[in-house]
1. Please state the Cα pair-distance histogram of segment 64-179 with 10 angstrom bins from zero: what percent is in each bin?
2. Among the DSSP beta bridges whose two residues both lie in segment 64-179, what percent are antiparallel, rounded to the nearest 5?
3. Give me the net charge of VAL127's neighbourhood, meaning all other residues with Cβ under 10 Å from the Cβ of VAL127; Lys, Arg count +1, Asp, Glu -1.
4. Once phi is turned into θ = phi - 60°, what whole-Hz ³J(HN,Hα) does the Karplus curve with 6.51, -1.76 and 1.60 give for every residue of segment 164-169, x standing for Gly and Pro?
5. Enter the Cα centre distance for the pair segment 72-100 and segment 101-145, rounded to the nearest angstrom.
6. Can you run phi through the Karplus equation (6.51, -1.76, 1.60; θ = phi - 60°) for segment 116-122 and list ³J(HN,Hα) in whole Hz, with x for Gly and Pro?
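Throughout, read-outs are computed from the coordinates displayed, never taken from laboratory work. Quick caveat: nothing in here was measured; it's all calculated off a predicted structure. All Cβ positions, even for glycine, are placed from backbone atoms using ideal geometry, and neighbour counts span all protein chains on display.
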Amino acid sequence: MVKDRSKLDAIQQCRNSYNPCENAKGSVQVNTLVPNKFSRLEFTSNACGCPTQIKYYDDTVAEINTVKATKDISNSLDSKYFNLFSAQNDMQYYVWYCTNCACSDPAVPCATGIKICVATNDAAPVVALATQQQIDLNADFSASVSGDVITITNSSIGLATQITNGCGLCSFTYNHVTEGCNRLTATVCFTYDPCGNVTEVRRT
């Protein structure tokens with residue numbers, strides 16, 4: 001099974017399914033198979049690459065996490081980071097700290113860094129504010145801060161991996177407030193004849 005992202009066309013009639021390399025795999029008429037709005041397709045294909053099942057998901061809730069920051073002690077935050085994921089895990093980020101903007105990027109593989117510059121011995125609310133400001137600049141998230149607690153909301157709805165400590169930030173506290181969710185709206189199954197022609201379409 002391959003989970004694919006999907007996008008509506010300009011007139012909101014067709015939903016194109018995309019593989020991870022952004023190649024269109026197919027298009028389905030929304031009014032033909034699923035009468036209500038949906039936001040993601042999940043394809044199951046046979047050995048010939050023909051879809052045998054399509055699941056239609058309606059994403060309804062955005063992921064929300066909080067992070068409680070701690071103060072820097074003699075550059076203790078240098079190169080430390082936590083992991084942050086956008087909706088549907090389309091992007092993985094690592095939020096990393098650098099005191100006085102003079103330390104090494106941890107360069108987490110397959111992830112994009114969000115650099116937070118603080119000063120040596122900055123208090124927890126200062127660290128939290130600097131974190132909120134940089135995360136809020138990223139289009140995948142909106143962030144607010146209250147004291148030493150940053151609230152991070154994914155800009156798009158849908159499932160995402162919750163925030164986790166990446167390296168050395170065990171002093172931070174991570175709280176999973178709201179789980180982004182997917183609702184399975186419908187399942188469509190296809191049956192083929194030996195020539196590869198569709199002989200039956202079943203919707204549940």
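1. Spelled out per bin, shortest first, that is 15, 52, 29, 4.
2. Of those bridges, close to 75 percent are antiparallel.
3. Residues near VAL127 contribute -2 overall.
4. For segment 164-169, the Karplus curve yields 9, 5, x, 7, x, 9 Hz.
5. 6 Å
6. Couplings: 10, 8, 10, 9, 4, 6, 4 Hz.
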